[in-house]
Structures are given as structure tokens and as C-alpha cells.
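**Student:** Here it is, the structure in full.
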Amino acid sequence: MLRNLISAALRRETPDEIPSPQATEPVEEAVPDLDFPPMVPLHPPEARNDNPLAAYCEAVEEDLRAAGYLR
């Protein structure tokens, strides 16, 4: 199976196998008219942990206030 895949990938088309642009007629495919509502742009959520030390600083400040070092 792998041999078939490699041989197909390495196979080169001869000029007889390549269709000329004049020989092929443009095929118009029927595209259904689909009316989709406009898409709403997505926004990323607000950052919640920009400063990972903020909770630590708040805890230290709270302990310092409880100990009487801060007012």
C-alpha cells in the first residue's frame, strides 16, 4: 500500500494526460442562495490572572493590618 502511495506521488503526467484549457469547458455549479445572518465578532474573555502575585500581596497586607503595622 505504501509502495502504491509513493509511486502515485512520484508519477509524472505526460503532456497527453494533462487536459488543455481549450478542451475543458467551464462548468458552472449550481450554488444555492444562502442568506446567513451577519456574524458577530468574537472577543476573548477578560484576563483574570494578569498579576499572579496580587492575591499574595493582598494576603500580606491583610496580615500586616491585623498585626497593627498598617492602618
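The values are calculated or read from the model by the stated rules, or taken from the named source; none is laboratory data. Since this is a predicted model, take the numbers as computed values, not measurements. Every residue, glycine among them, receives a Cβ derived from its backbone with ideal geometry; neighbour counts consider all protein chains shown.
**Student:** Of the residues in segment 56-71, how many are surrounded by 10 or more Cβ atoms within 10 Å (Cβ to Cβ) and assigned to a helix (DSSP H, G or I)?
**Tutor:** Count: 10.
**Student:** If you don't mind, there's one more thing I want to ask. Can you pull out the residues in segment 45-69 that are modelled with pLDDT under 90 and not basic (Lys, Arg)?
**Tutor:** Pro45, Glu46, Ala47, Asn49, Asp50, Asn51, Pro52, Leu53, Ala54, Ala55
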